[in-house]
Amino acid sequence: MIFFTKLGILLIGFVYAGLMPYTIRKAIGHLRFDLKRHTLSFLSNTELYGEIYRKAYKRMLFITAILTYIFFWLMTWFYNLGAYEKLMRNIDICFASITLLAFLPHNLRPVSLKSLAPSLQRILHNLLAVVVFIALPLLIISFQVTLMPYARFAGLSGLVVILVVLVLTLISLFKQGINGATELVLINGISIWTIYITFLTMLH
């Protein structure tokens, strides 16, 4: 059973680590996308990039939500952390927020009572994007702290990795604001953390 759990963590971990960076890099390579002016959510805007990119962005986020849930579920199963309600709740929050974000595409229509549906969509999309931006790092920190009593080195070193990622993200945030470049710092950092903690789990 442990062998198959490790195999699942290895496969899901590397797919999870590579999906968003690869997909986003491939999409940006085909578009005139200014990472300093726009957030990655703009890729889901049909008025800017069409229906094909909106569907691709939705599919990528939905798959990411599923992979996030499966990866952390396998990790909690392997390290026997299922009794920690706060950690499990954080997993559910991340899954739900990423999934909802996938089905609420970005738009640039002015917020107005005359166009209530697009206005609500834009507001909810922006709120969910902030929730995802905060919830995913908090989930990783929660996992690392919970892991420490059971695997001290993996727990502590993994926590150091994600804290370095957050510091770099905050530096980018203060210098550039919330844009695609800052989001990529966080996304690539989470990918590095995923590969690192997956590797340590294989050695456990």
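The values are calculated or read from the model by the stated rules, or taken from the named source; none is laboratory data. Please read all numbers here as calculations on a predicted model, not as lab measurements. Counting neighbours? That spans all protein chains shown, and the Cβs are built from the backbone with ideal geometry, glycine included. For accessibility, only protein heavy atoms count, side chains too; no ligands or nucleic acids. Shrake-Rupley method; radii C 1.70, N 1.55, O 1.52, S 1.80 Å.
Quick notes
- Per-residue HN-Hα couplings for region 46-60 [Karplus 6.51, -1.76, 1.60; θ = phi - 60°; Hz; x = Gly/Pro]: 5, 5, 9, 10, x, 5, 4, 6, 4, 5, 5, 5, 4, 5, 4
- Relative contact order (percent, whole number), the chain, Cα cutoff 8 Å, 6+ residue spacing: 29 percent
- Other-chain or far-sequence residues with amide H under 5 Å of HIS38's (modelled H): GLY180
- Region 135-181: chymotrypsin sites (Phe, Trp or Tyr not before Pro) falling in loop per DSSP and having at most 16 other Cβ within 10 Å: TYR150
- Helix-only arithmetic for the chain: the sum of -39500 (n - 2.57) across DSSP H runs with n ≥ 4, divided by the residue total, places the mean residue ellipticity at 222 nm at -28000 deg cm²/dmol.
- Comparing LYS114, LYS86, LYS36 in a Gaussian network model of the chain where C-alpha atoms under 10 Å apart are linked, the largest mean-square fluctuation is found at LYS114.
- Angle in degrees between helix 152-176 and the longest Cα principal axis of the chain, rounded to the nearest 10: 20 degrees
- Where ILE24, ILE52 fall by accessible area, highest first, once all protein chains stay in place (1.4 Å): ILE52, ILE24
- Charges were assigned to the Cβ only: +1 to each Lys and Arg, -1 to each Asp and Glu. The resulting dipole of region 1-203 about its Cα centre is roughly 420 debye.
- Cα-based shape type of the chain, given that a ≥ b ≥ c are square roots of the gyration tensor eigenvalues and the cut on a/c is 1.5: prolate
- Residues of region 131-204: accessible area per residue with a 1.4 Å probe, Å²: 47 Å²
- Each residue was assigned an accessible area with a 1.4 Å probe, and for GLU47 the value is about 110 Å².
- A probe of 1.4 angstrom, applied to the heavy atoms of all protein chains, finds ARG59 with accessible area near 140 square angstrom.
- For region 110-204, the relative contact order works out to 19 percent when only alpha carbon pairs closer than 8 Å and six or more residues apart are counted.
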